[in-house]
Amino acid sequence: MKNKNIMSMVVIVIAITFGLATGKDDGIPTTGMAKSMCQEFIKKKLKSPKSAEFSSITETTVIELDKGPIDYKFQVTGYVDAQNSFGAQLRTKYNCIINGTKDKDEWKLIDLQM
């Protein structure tokens, strides 16, 4: 009986630990998601999207502008190095404003300046 109770407690502790370690996807748009989605919108504007190399996380700024009950608005600034139509690698600064919707994988580009 004692061994059964101990085993039950071990299983519960493991389950709780595993749940905390894996985290919970609550469907809320994050700054990391906003950065990735802005990069996807930027690639669509480039002459050579496969050549795109974006600024590192330390050189990129992501700010949460607005946090509503459903919509989350972010501003992402950084730079992208990509080839132009002549094949020259150019650095272009960007400012991207994007909106993410909670519980949906929907992102909307509000403004992109390059």
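Taken together, the values in this text are just the output of simple stated rules run on the coordinates, not laboratory data. Worth saying up front: this structure is predicted, and the values here are computed from it rather than measured. FYI the Cβ positions are ideal-geometry reconstructions off the backbone, even for glycines, and counts take in every protein chain you see.
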Completion exercise
For L90, other-chain or 5+-apart residues with amide H closer than 5 Å (H placed, Pro excluded) are A82, Q83, N84
Exercise for the section: Please go through the residue pairs K45/K104; K50/K73; K45/K73; K43/K108; K43/K93; K45/K67 and name each one whose alpha carbons sit more than 19 Å apart in this structure. Expected result: K45/K104; K50/K73; K45/K73; K45/K67
Exercise for the section: Multiply the residue separation of Q83 and K43 by 0.36 nm, subtract the distance between their alpha-carbon atoms, and state the gained length in nm to one decimal. Expected result: 13.3 nm
Fill in the blank from the handout: On the formula 1/(1 + (r/R0)^6), with r taken between the Cβ atoms of K50 and I70 and R0 of 35 Å, the FRET efficiency rounded to 0.05 is 0.50
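For the ranges 26-34, 58-66, what's the packing order if you count other beta-carbon atoms within 10 Å of each residue, average per peptide, and put the highest first?
On the way: 26-34: 14.9, 58-66: 12.8.
Going by the mean number of other Cβ atoms within 10 Å, highest first, we get 26-34, 58-66.
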Handout entry: Per-peptide average of other Cβ atoms within 10 Å, ordering 100-110, 72-82 highest first
Key = 72-82, 100-110
Exercise for the section: Mind listing the long-range amide H neighbours of Y79? Cut-off is under 5 Å, sequence gap 5 or more, other chains count too, H placed in the peptide plane at 1.01 Å from N. Expected result: S55, Y94
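At a Förster radius of 25 Å, what calculated FRET efficiency corresponds to the Cβ-Cβ distance of I28 and Q113, to the nearest 0.05? Numbers along the way, then the final one.
Details: r = 26 Å, r/R0 = 1.06.
Once the sixth-power term is evaluated, E becomes 0.40.
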Practice task
For region 28-33, just list the computed ³J(HN,Hα) in residue order, Karplus coefficients 6.51, -1.76 and 1.60, θ = phi - 60°, integers in Hz, with x standing in for Gly and Pro.
Solution key: 8, x, 10, 5, x, 5
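Ranked highest first by average number of other Cβ atoms within 10 Å, how do 48-55, 91-98 line up? Numbers along the way, then the final one.
Working: 48-55: 14.6, 91-98: 17.1.
Per-residue Cβ counts within 10 Å, averaged per peptide and sorted highest first, yield 91-98, 48-55.
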Exercise for the section: Could you check the simple spin-label distance between I63 and T101, using points 7 Å along Cα→Cβ, in nm with one decimal? Expected result: 2.7
Exercise for the section: With only Lys, Arg, Asp and Glu charged, each at its Cβ (+1 for the first two, -1 for the last two), find how big the charge dipole of region 27-113 is about the Cα centre; round to the nearest 20 debye. Expected result: 280
Exercise for the section: Write down, largest first, the equivalent ellipsoid semi-axes of region 27-113 in whole Å, where each equals the square root of 5 times an eigenvalue of the alpha-carbon gyration tensor. Expected result: 26, 12, 10
